[in-house]
1. Go through (1) touching a helix residue (DSSP H, G or I) at 6+ places or on another chain (Cβ under 8 Å); (2) surrounded by fewer than 14 Cβ atoms within 10 Å (Cβ to Cβ) one by one and return the number of the condition residue 173 breaks.
2. Kindly indicate whether residue 181 is among the aliphatic types (A, V, I, L, M), surrounded by 14 or more Cβ atoms within 10 Å (Cβ to Cβ) and within 12 Å of residue 99 (Cα to Cα).
3. Taking segment 99-114, which residues are surrounded by fewer than 20 Cβ atoms within 10 Å (Cβ to Cβ) and either at pLDDT 70 or above or β-branched (Val, Ile, Thr) (or both)?
4. Only residues that are over 10 Å from residue 178 (Cα atoms) and surrounded by fewer than 23 Cβ atoms within 10 Å (Cβ to Cβ): list them for segment 139-149, please.
5. Of all residues in segment 223-236 being assigned to a loop (DSSP other than H, G, I, E, B) and surrounded by 11 or more Cβ atoms within 10 Å (Cβ to Cβ), which is modelled with the lowest pLDDT?
6. Out of everything in segment 115-135 that is at pLDDT below 85 and in contact with a Gly (Cβ under 8 Å, 6 or more places away or on another chain), what residue ends up being nearest to residue 214 (Cα to Cα)?
7. In segment 176-222, which residues are at pLDDT below 90 and hydroxyl-bearing (Ser, Thr, Tyr)?
8. Six or more apart or on different chains, Cβ atoms under 8 Å: show the pairs whose first residue is in segment 227-253 and at positive phi and in contact (Cβ under 8 Å) with a residue 40 or more places away in the chain and whose second is surrounded by 15 or more Cβ atoms within 10 Å (Cβ to Cβ) and outside any helix (DSSP H, G or I).
Amino acid sequence: MITRGHPFRRAHRASLRRSGGEGGFTLLELLLATAIGAVVLLVINTTFFGALRLHNTTHEKIDQDLVLQRTLGIVRKDLAGIMLPANPQATTNTLSGQLMSDSFSTNAMDNTGERITPDITTSSGMIDGWTPFAEVQTVAYYLTPATDGGPTKDLVRVVTRNLLPAADPIADTYTLLPGVLSATLAYFDGEYWSETWDSTATSTLPSAFKFSLVMAPRGDATTAANPGPVELIVPVYVTTPTSAQLAADAAAAAPLL
């Protein structure tokens with residue numbers, strides 16, 4: 001049995017007093033813990049907002065690329081569905097227009113936009129239960145000032161669907177792609193690319209089209225690299241009688257191997 005005055009009992013109480021007095025944190029320890037916590041929070045903040053910016057930039061680039069791919073798909077469909085040009089002497093064949101890069105019919109967009117392509121009579125229209133017109137339509141592409149007032153341009157598609165109207169046909173205008181700097185259409189004759197074509201003079205169609213777009217740099221225009229042109233090459237499978245005769249003459253004149 002341990003008595004009140006026993007030395008072991010007194011030593012035990014003294015150790016309890018010492019441990020109770022030394023149980024708190026010093027000011028230096030608090031400052032050190034605060035500094036470590038601040039560094040950890042700074043690292044977390046930098047990592048989180050860096051990942052957030054990367055996420056937003058990636059999604060913005062994906063959205064822009066989807067719009068570009070959709071636009072190129074529409075252009076490819078229009079160019080690939082080009083119709084045979086009408087006989088120049090047959091002025092009544094409205095559904096087979098001519099392909100003339102220097103002379104074309106005018107519409108309201110010619111007064112406000114920069115024409116990129118001639119009028120193209122194509123079979124890219126859709127036939128369904130809700131569309132009152134046939135699949136044959138006339139399309140043309142323009143560059144117009146950006147709707148947001150910026151230095152770039154918008155690629156606009158003008159479509160005339162009802163080619164046999166009682167009055168003047170009404171064209172529908174669709175903005176396909178913003179942020180465009182320039183656009184061109186070139187024609188391949190089988191050997192060279194040309195910037196002009198006139199089916200009334202040649203009675204032929206080009207072997208392929210090359211549609212080129214130059215987009216504005218993404219981000220800060222002063223630091224971002226200028227992107228190269230986006231080129232779309234569309235072969236033309238429609239063959240006019242004149243083209244078929246020229247191909248036959250070339251095959252007959254070629255030496256046999």
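The values are calculated or read from the model by the stated rules, or taken from the named source; none is laboratory data. Worth saying up front: this structure is predicted, and the values here are computed from it rather than measured. Here the Cβ is made from the backbone with ideal geometry for all residues, glycine too, and neighbour counts use every protein chain on show.
1. (2)
2. Details: among the aliphatic types (A, V, I, L, M): yes; surrounded by 14 or more Cβ atoms within 10 Å (Cβ to Cβ): yes; within 12 Å of residue 99 (Cα to Cα): no.
In short, no.
3. Keep residues of segment 99-114 that are surrounded by fewer than 20 Cβ atoms within 10 Å (Cβ to Cβ), which gives 100-106, 108-112, 114.
Across segment 99-114, the qualifying residues are 100, 101, 102, 106, 108, 109, 110, 111, 112, 114.
4. Going through segment 139-149, the residues over 10 Å from residue 178 (Cα atoms) turn out to be 139-142, 149.
Once the filter is applied, which keeps residues that are over 10 Å from residue 178 (Cα atoms) and surrounded by fewer than 23 Cβ atoms within 10 Å (Cβ to Cβ), segment 139-149 yields 142, 149.
5. Initially, segment 223-236 is screened for residues assigned to a loop (DSSP other than H, G, I, E, B), giving 223-229, 236.
So of that shortlist, the ones also surrounded by 11 or more Cβ atoms within 10 Å (Cβ to Cβ) come out as 224, 227, 229, 236.
Working: 224: 60, 227: 76, 229: 88, 236: 91.
Within segment 223-236, the match that is modelled with the lowest pLDDT is 224.
6. Going through segment 115-135, the residues at pLDDT below 85 turn out to be 124-135.
Right, trim to in contact with a Gly (Cβ under 8 Å, 6 or more places away or on another chain) and you get 124, 131, 133-135.
Details: 124: 25, 131: 34, 133: 34, 134: 33, 135: 30 Å.
Step by step, filter segment 115-135, then rank; the result is 124.
7. Those that are at pLDDT below 90 and hydroxyl-bearing (Ser, Thr, Tyr): 199, 200, 202, 203, 204, 222.
8. Matching pairs, first to second residue: none at all.
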